[in-house]
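J.: Take a look at this one; I'll ask things after.
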């Protein structure tokens with residue numbers, strides 16, 4: 001891990017990966033979108049609304065995954081003072097927040113025709129809303145302090161405190177009676193989705209993940225440059 | 001021990017404490033986190049005069065629409081007990097016999113549940129129509145759902 | 001084509017779902033790229049102004065001591 005601690009080395013690796021990640025993202029999203037809208041059947045029960053699943057579920061997966069990523073980065077920041085950890089957490093947060101928001105909105109758009117309501121305060125939806133608020137809080141803390149390291153530390157603590165929400169979200173549909181149905185993909189007995197629908201879902205899921213990786217690198221580069229800009233400006237002020 | 005080790009222990013201890021606290025809070029909240037009760041639970045501990053949620057499957061052959069065209073009666077079952085429900089209003093697209101539903105309304109001492117709202121609940125199976133038809137034709141189809149519905 | 005756009009009557013739910021997703025992904029990408037080019041410009045301006053002490057190979061963040069920080073963590077990790 002410490003090999004990547006050197007920002008210069010990180011940037012070299014990141015820049016090498018970037019073109020591949022971009023191509024991968026566009027390819028997966030392109031193929032996934034085609035399959036989701038054209039090359040997959042309507043559901044026997046939910047009809048064409050099932051196509052919402054191909055954006056709703058990958059968004060949910062990303063909202064959870066990115067939060068765990070941020071929590072790990074936060075732990076690295078607090079425990080090992082890893083220099084890239086805060087940069088990674090800051091870059092990732094808005095991406096995760098956006099996916100959490102999309103999960104909620106596409107979920108509502110799916111719930112209204114199928115369940116008969118835009119919203120219900122069941123354990124799954126409520127905990128997902130909490131996740132969205134945690135993201136907003138994280139972003140706010142990172143920007144709230146004059147001294148940036150203080151904001152980073154507060155945000156890292158918040159991220160770790162909130163990580164308990166992740167298993168709650170995942171198991172909410174099993175632990176309590178909810179309107180939201182149980183898991184269809186990641187479950188002990190295997191997926192309960194027909195392959196004709198599972199494949200578009202997985203490809204979209206991969207596309208979303210590659211999108212995150214690509215954008216994360218772009219945003220981390222910006223953040224590292226911003227730090228250098230700050231340092232240079234400070235030095236020039238002193239020398240002036 | 002080094003500062004770093006101490007920080008590690010601190011973070012781990014903090015996480016465990018939070019996890020424990022969270023578990024306690026959620027267990028205590030219990031009833032409030034649960035969205036709905038099953039017919040068995042309702043019959044065991046009836047609550048009158050307060051709005052509650054009742055969930056289960058729409059019992060086969062129990063749906064009757066009234067002459068006025070808008071009211072409907074049906075029974076909600078969890079395959080052990082069932083409760084009669086009266087509802088006036090629009091039903092969701094997915095509503096049908098054998099389908100999961102979650103209702104909000106009031107329970108009366110005469111044993112009827114008057115629903116204010118009826119929501120359809122679907123299980124976690126997804127498949128094309130042809131596959132569903134094939135399963136039905138081969139006799140492997142279970143209308144009350146293979147997976148989630150059994151948890152009532 | 002009509003049928004496709006109509007989405008079995010659920011068009012008003014399906015299309016906004018895809019639309020919002022696309023909007024978010026495109027907007028965030030454009031915003032992130034815009035910020036990146038802005039920082040590149042700022043960095044180039046600042047580095048042009050000062051007398052070059054050494055040739056800047058890549059942008060290195062000037063946190064405390066960038067040369068000693070990695071070795072410090074390496075030392076810390078070997079002592080625990």
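J.: Evaluate the protein assembly as shown: find the radius of gyration of its Cα atoms, find its Kirkwood radius, and give the ratio Rg to Rh. Walk me through the intermediate numbers first.
T.: Working: Rg = 26.7 Å, Rh = 25.3 Å.
Rg/Rh for the protein assembly as shown comes to 1.06.
J.: Also, I was wondering about something else. Quick one: helix A:85-114 against the long Cα principal axis of chain A, what's the angle to the nearest 10°, folded into 0 to 90?
T.: It works out to around 20 degrees.
J.: Please express the Cα-Cα pair-distance distribution P(r) of segment A:20-239 as a list of whole percents, one per 10 Å bin, running from 0 to the bin with the greatest distance.
T.: Each 10 Å bin holds this share of Cα pairs: 8, 29, 32, 20, 8, 2, 1, 0.
J.: Average partner chain C-beta neighbours within 10 Å, per residue of B:35-47?
T.: On the way: counts 12, 6, 1, 1, 0, 0, 1, 0, 0, 0, 0, 0, 0.
Shielding by partners across B:35-47 averages 2.
J.: Per-residue mean of other chain beta-carbon atoms within 10 angstrom of the beta-carbon, peptide A:38-48?
T.: Values: counts 1, 0, 1, 6, 5, 7, 11, 12, 6, 7, 10.
For this peptide, the per-residue mean of nearby foreign Cβ atoms is 6.
J.: Averaged over B:4-13, how many beta carbons belonging to a partner chain fall within 10 Å of each residue's beta carbon?
T.: On the way: counts 8, 4, 2, 5, 5, 1, 2, 7, 2, 0.
Mean inter-chain Cβ contacts per residue within 10 Å come to 4.
J.: Sorted by mean Cβ packing within 10 Å, highest first, what order do the peptides A:86-97, B:57-68 take?
T.: On the way: A:86-97: 24.0, B:57-68: 13.9.
Descending packing order for the listed peptides: A:86-97, B:57-68.
J.: While we're here: Which order do A:209, C:49, C:38 fall in if you start with the one that has the fewest other Cβ atoms within 10 Å?
T.: Final ranking by Cβ density, sparse to dense: C:49, C:38, A:209.
J.: Here is a further query. Kindly rank A:48-56, A:113-121, A:20-28 from highest to lowest mean number of other beta carbons found within 10 Å of each residue. Before the final figure, lay out each step's value.
T.: Numbers: A:48-56: 24.9, A:113-121: 18.7, A:20-28: 16.6.
Packing proxy ranking, top to bottom: A:48-56, A:113-121, A:20-28.
J.: Can you tell me what the convex hull of the Cα atoms of chain B projects to on average, as an area in nm²? Please list the in-between numbers first.
T.: Numbers: hull surface 58.6 nm².
Answer in nm², one decimal: 14.7.
J.: Measuring from the lowest to the highest alpha carbon on each principal axis, how far does segment A:108-202 reach, largest first, in angstroms?
T.: 52, 28, 26
Each reported figure results from applying straightforward, stated rules to the coordinates on display, with no laboratory input. Note that the structure is a prediction, hence the values are computed from the model and not measured. Don't worry about glycine lacking a Cβ; one is built from the backbone with ideal geometry, like all the others, and counts go over all protein chains shown.
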